[in-house]
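For reference, the structure is listed below as structure tokens.
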Amino acid sequence: MSTQKKRIVIVMAVIILIGSLFSAIRTLPFVDKYSCVGCGDCTKSCPTGAISITDGRAVITDSLCINCKLCVKTCTYQAIRVPK
Amino acid sequence: MQTMRGVCAGMSTKRSILKRVHSASRAHVSTRVVACMVFMLLTMRVYAQAFIDQDFRMYDTNGSNDIAQLVQKLGMTVDLSTHQSLELKDDLVWSDYILTGNKQKLYNRLALLHRWQNYGFTVRSSYFGTAFDNAEMTDINLNPNSVNFIKYRNRFMHQANLTGKYELGFLALSSYAYGRRMYSDPTLVYSETSVVLEKINDDLYAGAEVVMKLPQDISCKIGVDLKQHVGGSYFDRTTTHVGIGIEKDILSVFNLFAATTIYNSNQPDYRDILTNQVVSELRLGHRIVPELAGFVSYINRSCFADPGEDIYLLANYLRAHLQYSMPYDLSACSYILAGVKSRPENLDAFHPSNTAYFLETDFKLGCGLYLGGNMNLMKEYRDEYSGKLTYHFNPISEVHVQMTQYDSNQGDPANPYRHTSYTIGTQMRF
């Protein structure tokens, strides 16, 4: 394995390690941009108005989210995910 | 000896495939760029959200060689300040073998997006770069006068976008401008010397739209879209549209949306009858209890040559979803979803009629394990059945294995639609 390839592997491993540490502290729902179709059902179910449709995709404002998970239950495209 | 030769040939093929994947990534170096930038930004303690999705899939086809497919998606969103954000995405798709009409493909797409938002203005600028390394020619209708005897192989595509939006109470103004350059290798199928083979093709797009919100939840819009093909006017197009829509909440349980838009296009290759197109949409969403949600939507596309003349049907689309979330799963991720997609009574030349029924489930087993299943029945084409086991090694990252069985409904036992795929993949969010 060349030095350059080793560097890439090390960088990827560090990213995954740091990412795992970061992700462990996240508790709020988030949007999977590949699955979201921008139908807007989640915006109607959100009691605090924390979700808006921007560029045809849902965007959650974390500061307004109360983690009730109503948007997760409403989204029939499984585009809103929540830490499990 | 024969077997040894076969093994050697197989190894050689695999080596060449790996070489091609490597050469594509080397050609674009986007994966490395993204990886290094993610690492840099994380170490700089800038608030960022990143994801890495990878799926490796093996297809076991009926009487054919095994097929491999790799899909890798990397991405990151960084909030530079309260009003600015930066997004980086990189998709690598490699598919090895002709499957159900799809050609072998290998491409890498890099996207860089910047958003600025303040005082009601939103400005987005973005760049998309795609590197192709397809083994086979692709039919692209770049030259309508010689489409039958020129084949093209894609090489690179660069696209720069700029969009702007201004919202002022009941009024929203938006506009966009895109520029696209495509590099391709054209090849003459027959000896034809009079045709000039263009290796570079440029397209320019621009448009604007005004949306006005009226009382009683009614909104109306008017807009224009322009396309110019540099070096030839055959694909130039001007489209204007005007539309009206209404959105109403009914009994706090149902939500009704209805809209109609009329498009008028001016393009040389359009038949007269397609000059005016009408797209009408009706959508009824419902949420009777928090655990039960769904919608029914209907879209109709019709066309006419001139006002007052006959209207012709192009296509109908009908879609319905119903989802029940299991109350026992506090994360709301265990569910049963049933639905139907239908295109009844369509113009066959435009969109052949087709109906699909689907059922999807995912159940929490405990200890981060989820078991899911999926059934997709398309009576005109094929049926799909799949099972998926997912393990969440931390709250938002997972590793999964999936098996999917495809059955053809077209009567031919050797049909490539009949195959099985095995997938192993990860989804990581940071």
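Values quoted throughout were computed directly from the atomic coordinates according to the rules given, and no laboratory measurement underlies them. Since the structure is predicted, the reported quantities are computational estimates derived from the model, not experimental observations. No Cβ is skipped: glycine too gets one built from the backbone with ideal geometry, and neighbour counts run over all protein chains shown.
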Checklist entry - Once all Cα-Cα distances of the range B:236-352 are split into 10 Å bins that start at 0, what whole-number percent is in each one? => result 12, 31, 28, 17, 10, 2
Item to check | Label-to-label distance, nm, for residues given as residue B:273 and residue B:322 (7 Å Cα→Cβ offset) | outcome: 3.8
Checklist entry - Summing Lys, Arg as +1 and Asp, Glu as -1, what charge do residues with Cβ under 11 Å from the Cβ of residue B:109 carry, residue B:109 excluded? => result 0
Checklist entry - What is the gain in length, in nm to one decimal, between residue B:358 and residue B:183 on full extension, counting 0.36 nm per residue of separation less the C-alpha to C-alpha distance? => result 59.0 nm
Item to check | Lysine pairs within the range B:162-257, Cα separation less than 24 Å, 8 or more sequence positions apart or different chains | outcome: 7
Checklist outcome for this item: Once Lys and Arg are counted +1 and Asp and Glu -1 for all other residues with Cβ under 12 Å from that of residue B:358, the total becomes -1
Checklist entry - In nanometres, what is the gap between the two model label sites at residue B:313 and residue B:391, each 7 Å from Cα along Cα-to-Cβ? => result 5.2
Checklist entry - Given a cut-off of under 8 Å on Cα pairs at least six residues apart, what relative contact order in percent is computed for the range B:199-293? => result 20
Next on the checklist: Net charge around residue B:427, counting only other residues with Cβ within less than 10 Å of its Cβ (Lys, Arg = +1; Asp, Glu = -1)?
Outcome noted: -1
Next on the checklist: Order these by the 10 Å Cβ neighbour count, fewest first: B:94, B:116.
Outcome noted: B:116, B:94
Checklist entry - Taking a spot 7 Å from the Cα of residue B:204 along the direction of its beta carbon, which residues of the range B:228-254 have an amide N less than 19 Å from it? => result B:228-240
Checklist outcome for this item: So, relative contact order of the range B:236-352 in percent, Cα under 8 Å, 6 or more apart, is 17
Checklist outcome for this item: Note: residue B:258 to residue B:399 extended length (0.36 nm per residue) minus current alpha-carbon separation gives 46.7 nm
Item to check | Label point distance in nm, residue B:171-residue B:79, each placed 7 Å from Cα along Cα→Cβ | outcome: 3.2
